Amino acid sequence: MTESETELWNLIDSFEIDDEHSAFPFSERLARDNNWKLEFSIRTIAEYKKFIFLICISHHPLTPSDAVDQAWHLHLLYTQSYWKEFMPLIGREIHHGPTKGGGEERTKYTNCYEMLKTRYIEIFNEELPKDIWPSNKIRFGEINFVRVNMHRSWVFPKKRKR
């Protein structure tokens, strides 16, 4: 990393996404909304920060994992934190660009996910946590979420094909 990239990373890494005065902080809401353990939510937030940093220093679009995308979606809902605190801190605006669907888009986002994984290893000099950054097959093939109110509905898993 260059000196300016290191400074930017330190700013992003030290950004506190949880409001210390909140009885229900961001990390707990992320865990609740996704039915995750709090520890996984906290790890995902750390990976979300790495993703944002990589977007800032890359000259091409990058695609997040689904878990990181869930953190990004939630952070976008915290508009004050995202637009008034986080974006000015990093010195630019990062907008979320969801897929328009179709084969071309699938190829584009798959390639951007591969570029993200390559860039991550180059910059952080470590492997991506596989539980947060799964393979392309899982990222683009097995994920199909629908929001369900677990207090009003029962959800039973389908049998897995072997």
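The values are calculated or read from the model by the stated rules, or taken from the named source; none is laboratory data. What you see is a predicted model, and the numbers here were worked out from it, not measured in a lab. Don't worry about glycine lacking a Cβ; one is built from the backbone with ideal geometry, like all the others, and counts go over all protein chains shown. Keep in mind that these areas ignore ligands, DNA and RNA; they rest on the heavy atoms of the full protein, side chains included. Shrake-Rupley method; radii C 1.70, N 1.55, O 1.52, S 1.80 Å.
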Set the bar at 20 Å for Cα to Cα. Now go through Lys108/Lys158; Lys49/Lys130; Lys37/Lys158; Lys50/Lys117; Lys37/Lys130; Lys117/Lys137 and name every pair that lies beyond it. Lys108/Lys158; Lys37/Lys158
Please compute the Cα-Cα pair-distance distribution of the chain with 5 Å bins starting at 0, giving whole percents from short to long. 1, 7, 16, 20, 20, 17, 10, 5, 2, 1, 0
Mean-square fluctuation check for the chain, GNM, Cα pairs under 10 Å: which of Arg92, Arg119, Arg43 is largest? Arg92
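What ratio of Cα Rg to 2.2 N^0.38 Å holds for region 9-63? Walk me through the numbers before you get to the answer.
Numbers: Rg = 12.8 Å, N = 55, 2.2 N^0.38 = 10.1 Å.
So region 9-63 has a normalised radius of gyration of 1.26.
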In terms of solvent-accessible area of protein heavy atoms at a 1.4 angstrom probe, what is the ranking of Trp9, Trp133, highest value first? Trp9, Trp133
In a GNM of the chain with a 10 Å cut-off on Cα contacts, which of Glu114, Glu47, Glu93 has the highest mean-square fluctuation? Glu93
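With every protein chain kept in place and ligands, DNA and RNA left out, what is the accessible area per residue of the chain? Probe 1.4 Å, answer in Å².
Numbers: 11050 Å² over 162 residues.
I get 68 Å² per residue for this part.
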Cα atoms only: what Rg and Dmax, in Å, come out for region 68-162? 16.8, 49
The chain: most fluctuating residue of Tyr113, Tyr78, Tyr48 per GNM, C-alpha cutoff 10 Å: Tyr78
Accessible-area value, Glu7, 1.4 Å probe, nucleic acids and ligands omitted, Å²: 110
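Using a cut-off of 12 Å between beta-carbons, work out the net charge of the residues near Lys100 (Lys and Arg +1, Asp and Glu -1, Lys100 not included).
Working: positive: Arg106, Lys108; negative: Glu104, Glu105.
That sum, taken over residues with Cβ under 12 Å, equals 0.
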Just how much of His95 is accessible, in Å², when a 1.4 Å probe is used and the result is rounded to the nearest 10? 120
Rounded to the nearest Å, the spacing of the alpha-carbon centers of region 1-80 and region 117-133 is 15
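For Leu54, Leu76, write out the residues from largest to smallest accessible area, computed with a 1.4 angstrom probe and no ligands counted.
Values: Leu54 0, Leu76 40 Å².
The most accessible residue leads, giving Leu76, Leu54.
Rounded to the nearest 0.05, what FRET efficiency do Glu85 and Lys37 have when you use their Cβ-Cβ distance and R0 = 30 Å? The partial results should precede the final answer.
Details: r = 27 Å, r/R0 = 0.89.
Given R0 = 30 Å and the Cβ-Cβ separation, E is 0.65.
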What helices in the chain pass both tests, a Cα length along the helix axis of 24 Å or more and a mean Kyte hydropathy of 1.0 or higher, using whole DSSP H runs? 38-57
